[in-house]
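> Handing you this structure, nothing more for now.
The values are calculated or read from the model by the stated rules, or taken from the named source; none is laboratory data. Please read all numbers here as calculations on a predicted model, not as lab measurements. Using ideal geometry, Cβ is built from the backbone for each residue, glycine included, and neighbour counts are taken over all protein chains shown.
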Amino acid sequence: MMKYLIIIEKTDTGYSAYSPDIPGCVSTGATLEEVERNMREAIEFHVEGLKIEGFAVPQPSTTSAYIEVAA
C-alpha cells in the first residue's frame, strides 16, 4: 500500500487535484469527497498502466506543511 500526497484546489465549478509524485495524473470533482474519490481512481489506474508497460512506479516522496505568517 502506498500513500501519495494530493493537492486539492478550489475551482469555479468544484475542485481539481493532482499528485506531485505522479506527473500528469490529475482529476476533478464537484465536491471534496468526489475529487478525492476520483483522484484515488486516477492514481490506481495510472499505477496499473505503468506496471503493464513495465515502467517503475513512483515512490511517494512529497510531504507538506503549513507555515503560519502574519498577514
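> Return the residues of segment 27-37 that are in a helix (DSSP H, G or I), more than 18 Å from T62 (Cα to Cα) and not hydrophobic (A, V, I, L, M, F, W, C); say none if nothing qualifies. I'd like the intermediate steps shown before the answer.
Taking segment 27-37 first, the residues in a helix (DSSP H, G or I) are 32-37.
Checking which are more than 18 Å from T62 (Cα to Cα) leaves us with 32-35, 37.
Scanning segment 27-37 gives E33, E34, R37.
> Cβ-Cβ under 8 Å, sequence separation 6+ or interchain: first residue in segment 42-71 and touching a residue at least 12 places away in the same chain (Cβ under 8 Å) and surrounded by 10 or more Cβ atoms within 10 Å (Cβ to Cβ), partner of a type in the set (S, T, Y) and assigned to a loop (DSSP other than H, G, I, E, B). Which pairs?
What qualifies is I43/Y4; I43/S19; P60/Y4; T62/Y4; T62/S19.
> Quick one: would you say V35 is within 16 Å of T13 (Cβ to Cβ) and among the β-branched types (V, I, T)?
It is true that V35 is within 16 Å of T13 (Cβ to Cβ) and among the β-branched types (V, I, T).
> Is it the case that V35 is in contact (Cβ under 8 Å) with a residue 24 or more places away in the chain and either surrounded by 13 or more Cβ atoms within 10 Å (Cβ to Cβ) or touching an Asp or Glu at 6+ places or on another chain (Cβ under 7 Å) (or both)? Please lay out each step first, then the result.
Numbers: in contact (Cβ under 8 Å) with a residue 24 or more places away in the chain: yes; either surrounded by 13 or more Cβ atoms within 10 Å (Cβ to Cβ) or touching an Asp or Glu at 6+ places or on another chain (Cβ under 7 Å) (or both): yes.
Yes: the conditions hold for V35.
To keep it simple, each residue is scored yes or no on (1) more than 17 Å from M2 (Cβ to Cβ); (2) among the acidic types (D, E); (3) modelled with pLDDT of 95 or more; (4) assigned to a loop (DSSP other than H, G, I, E, B).
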| position | (1), (2), (3), (4) |
| --- | --- |
| M39 | no, no, yes, no |
| I43 | no, no, yes, no |
| E48 | no, yes, yes, no |
| V57 | no, no, yes, yes |
| P60 | no, no, yes, yes |
| E68 | yes, yes, yes, yes |
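> How many residues, within segment 36-60, are under 13 Å from S19 (Cα atoms), hydrophobic (A, V, I, L, M, F, W, C) and out of contact with any Ser or Thr (no Cβ under 6 Å at 6 or more places or on another chain)?
Qualifying residue count for the region: 2.
> Of all residues in segment 2-25, count the ones that are of a type outside the set (D, E, K, R) and surrounded by fewer than 17 Cβ atoms within 10 Å (Cβ to Cβ).
The total comes to 10.
> Another one. Counting just the residues of segment 1-26 that are among the hydrophobic types (A, V, I, L, M, F, W, C) and part of a loop (DSSP other than H, G, I, E, B), which one comes out nearest to A42 (Cα to Cα)?
Per the criteria, the residue is C25.
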